[in-house]
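Heads up: the structure comes next, in structure tokens.
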Amino acid sequence: MKKVLVPIDGSETSLRAVRILIQKRTLYRDPADLEIHLLNVQHSVSGDVNMFVDHDEIKQYHHDQGLKALQPARDLLDKEGIPYIFHISVGEPGHVIAHYARDQDCDQIIMGTHGRGELAGLLFGSVTRKVIHLAKVPILLVK
């Protein structure tokens, strides 16, 4: 079974990655033997918030926001009758994506890139750049 990870942040570029996967799935040796993993990574809340908001409320917030971000991708796959697994995690997105791919033995990552310029990538860092650096599997970038 081939496992493909598609990180979903709710952006149009992440949905493009799902559309590319749907279009290209027949290129895989056995499309029925393809296990698709959708992953949404929520950013951790700052320490001060923990003083005012209960841990369970923060956890529920991350879950709700993750489901909201994943819904359009899930709708695309559901419409095509393509099964998938979805997961919501909290942390630094680049690290979480690379670790998830490793922990789940994914064979490939297909992810959208926001297409920021080289200068923005150097100044602010980039989830894509971090995943490229940390992941040990092939990555298909979709602009």
* Structure fact -> By residue number, the members of the stretch 97-107 that are within 12 Å of the chain's Cα centre (by Cα) and touching a residue at least 40 places away in the same chain (Cβ under 8 Å) are I97, Y100, A101
* Taking the condition surrounded by 18 or more Cβ atoms within 10 Å (Cβ to Cβ) and farther than 19 Å from A135 by Cβ, does L76 pass? -> no
* Considering each residue of the stretch 5-38, count those that are over 17 Å from D78 (Cβ atoms), within 18 Å of the chain's Cα centre (by Cα) and not basic (K, R), and give that number. => 7
* To do: Count, please, the residues in the stretch 5-33 that happen to be in contact (Cβ under 8 Å) with a residue 12 or more places away in the chain, touching a helix residue (DSSP H, G or I) at 6+ places or on another chain (Cβ under 6 Å) and in a helix (DSSP H, G or I).
  => 4
* Any chance the stretch 51-61 includes a residue that's of a type in the set (A, V, I, L, M) and loosely packed, with under 12 Cβ neighbours inside 10 Å? -> yes
* Structure fact -> Output for Cβ contacts, cut-off 9 Å, separation at least six or different chains, first residue within 18 Å of K3 (Cβ to Cβ) in the stretch 63-88, second assigned to a helix (DSSP H, G or I) and of a type in the set (F, W, Y), reads H87/Y100
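Restricting attention to the stretch 39-55, and to residues there that are modelled with pLDDT of 85 or more and assigned to a loop (DSSP other than H, G, I, E, B), which single residue is farthest from A73 (Cα to Cα)? Give the derivation first.
Filtering the stretch 39-55 for residues modelled with pLDDT of 85 or more gives 39-44.
Checking the rest, the ones that are also assigned to a loop (DSSP other than H, G, I, E, B) come to 43-44.
Numbers: H43: 19, S44: 23 Å.
Among residues in the stretch 39-55 that are modelled with pLDDT of 85 or more and assigned to a loop (DSSP other than H, G, I, E, B), the one farthest from A73 (Cα to Cα) is S44.
Inside the stretch 101-118, can you point out the residues that are more than 25 Å from T26 (Cα to Cα) and at pLDDT 95 or above?
So in the stretch 101-118, the residues more than 25 Å from T26 (Cα to Cα) come out as 103, 114-118.
Correct list: D103 only.
The values are calculated or read from the model by the stated rules, or taken from the named source; none is laboratory data. Please read all numbers here as calculations on a predicted model, not as lab measurements. As a convention, Cβ positions derive from the backbone with ideal geometry for all residues, glycine included, and neighbour counts pool all protein chains shown.
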